[in-house]
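Following: one structure in structure tokens, then a few remarks.
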Amino acid sequence: MIGILLITHEDMGECLIRCATHILGGSQPQLMHINVSIQDDPKLVIDKARGLVKELDSGDGVLVLSDIYGATPSNIACQLIAPGKVDCMSGVNLPMLVRAITYRNESSLEMIEKALDGGRNGVMHIQTESSHAT
């Protein structure tokens, strides 16, 4: 099973995990988060993240999800990338996380593709029938 680590601003990762476990019905193994605040020293967060990656990896690797590409959580996540061991994605949302959890017994590549699809397809403009008429 592929481990999953969320590195996000403030308590976003914790909230996403709570929502995903609610949707999927119970706690999920090998799923953790790190909250990053303005007061955190990124060097200390990277050390903590490296420790969690080791803890989460049962031999199948780890997927690290962050919120905004180029922001501190994403920059920390990018430093964890290890080809064939640790993959990283940004732009995490709830559909992406649910897909990642659902497919983490598949190959890393398939899990990433499903998570990306879930993230993209979970964002849409919802209109009512009356809003289509002009």
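Summary table below
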quantity	calculated
Percent carbon-and-sulfur accessible area, the stretch 24-97, ignoring ligands, DNA and RNA, probe 1.4 Å	54
Estimated vicinal HN-Hα couplings, Hz - the stretch 120-125 in sequence order (Karplus 6.51, -1.76, 1.60; Gly, Pro = x)	5, 6, x, 10, 8, 8
For the stretch 19-126, accessible area per residue (1.4 Å probe, heavy atoms of protein chains only), Å²	56
DSSP bridge orientation in the chain - percent antiparallel, rounded to nearest 5	5
Contact order normalised by residue count of the chain, Cα under 8 Å, 6+ apart, percent	26
Whole-Å distance, taken between Cα centres, linking the stretch 76-134 and the stretch 9-63	16
GluC sites (Glu not before Pro) lying in DSSP loop within the stretch 1-91, provided at most 16 other Cβ fall within 10 Å	Glu10
Cα gyration tensor, the stretch 2-105 - rounded (a/c under 1.5), prolate or oblate	oblate
Using θ = phi - 60° and Karplus 6.51 cos²θ - 1.76 cosθ + 1.60, couplings along the stretch 104-119 (whole Hz; Gly, Pro as x)	7, 8, 8, 5, 4, 4, 5, 4, 5, 4, 5, 5, 4, 4, x, x
Nonlocal amide H pairs with Val64, under 5 Å, H built at 1.01 Å	Leu5, Asp87, Cys88, Met89
Anchor Lys43: lysines whose Cα lies under 30 Å away (excluding residues fewer than 8 positions away in-chain)	Lys54, Lys85
Long-range HN-HN contacts of Ile34 with modeled amide H, under 5 Å	Leu6, Ile7, Thr8
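The values are calculated or read from the model by the stated rules, or taken from the named source; none is laboratory data. It should be emphasised that the depicted structure is a prediction, and the values quoted were computed from it without experimental measurement. We place every Cβ from the backbone using ideal geometry, glycine too, and count neighbours over all the protein chains shown. Ligands, DNA and RNA are excluded from the accessible area calculation, which covers all protein heavy atoms including side chains. Shrake-Rupley method; radii C 1.70, N 1.55, O 1.52, S 1.80 Å.
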